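This report refers to the structure that appears directly beneath it.
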Amino acid sequence: MSISDQDPEPAAPKKRGPHGSTTELVTRELRQLIQSGHYSPGEHLLQSDIAEQMEISRIPVREALMILTTDGVVSHKPNQGYFVPKITAMEMHQIYVMRYLLESELLNNVRWPSEDELAEIHAIQSRLVTAIENMEFDAIMLENRAFHFAIFSLCDFGLIQREIKRLWDRSDGYRRSLLNTSPILNQVIEEHGNIIEALESKDEAALIEQMATHHKSGRSQLEKLIEKSR
């Protein structure tokens, strides 16, 4: 292992370092690669390898990894380097408990979508169905996330939305593995459809109930997946 891969415990970095947009681009690219499952939980993220693959110097890679560590997407071990964090079943349970509490607060304060906003939610769902039919897993992850955050955006609680995003980022690598199974994907389509019906009918109780059902099924499946992988 090279010395540069054995950095000391990182301090909280500024979002825009000396390399500015390069660091931001690397941060975004690494975040997407981790969320898509390109890097697996527990995998060692070697700065030298990443820099070579991206054809850049190690400095913006190191800055990006520090940012992702602050966001909880990457973990750092002194004298070892950076890793995609593994999540235990108990940690996943806690992530979903926090998500449930925060997402419930948003749902209790959403406004009903306009016709254009509802049309966009329908469009996202349509793209998700197409992605599932074609088993395009990157697109499935993208559209599933877009569906949920389109609903979250109907509430103006920006701070809560950002914290929910951080929690989603922590578990996306595992969610990708879960969405590789057809029965789960069919269930996602059905549950999303029920959520859309609640939005269309402006039924607050039904919206909260359907989102809770969707949340519970996702949590249960992910916890089982983690237990099997132990």
### Test: His148 is under 19 Å from the mean Cα position of the chain (by Cα) and either outside the structural domain of Gly72 (by TED's automatic domain parsing) or assigned to a helix (DSSP H, G or I) (or both)
yes
### Summary
Taking the range 192-203 and keeping residues surrounded by 14 or more Cβ atoms within 10 Å (Cβ to Cβ) and touching a residue at least 24 places away in the same chain (Cβ under 8 Å) leaves His192, Ile195, Ile196, Leu199
### Message
Between Ile95, Ile132, Ile87, which is under 30 Å from Asp49 (Cα atoms) and among the β-branched types (Val, Ile, Thr)?
### Response
Ile87
#### Entry: Odd one out for Val97 among (1) at pLDDT below 95; (2) more than 25 Å from Thr213 (Cβ to Cβ); (3) exposed (fewer than 13 other Cβ atoms within 10 Å of the Cβ)
(2)
### Query
Within the range 4-43, restricting attention to residues that are outside any helix (DSSP H, G or I) and of a type in the set (Ser, Thr, Tyr), which residue is modelled with the lowest pLDDT?
Ser36
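The values are calculated or read from the model by the stated rules, or taken from the named source; none is laboratory data. Bear in mind that the values here come from a model prediction, so they are computed numbers and not experimental data. Neighbour counts are summed over all protein chains in view; Cβ atoms, including those assigned to glycine, are modelled from backbone coordinates with ideal geometry.
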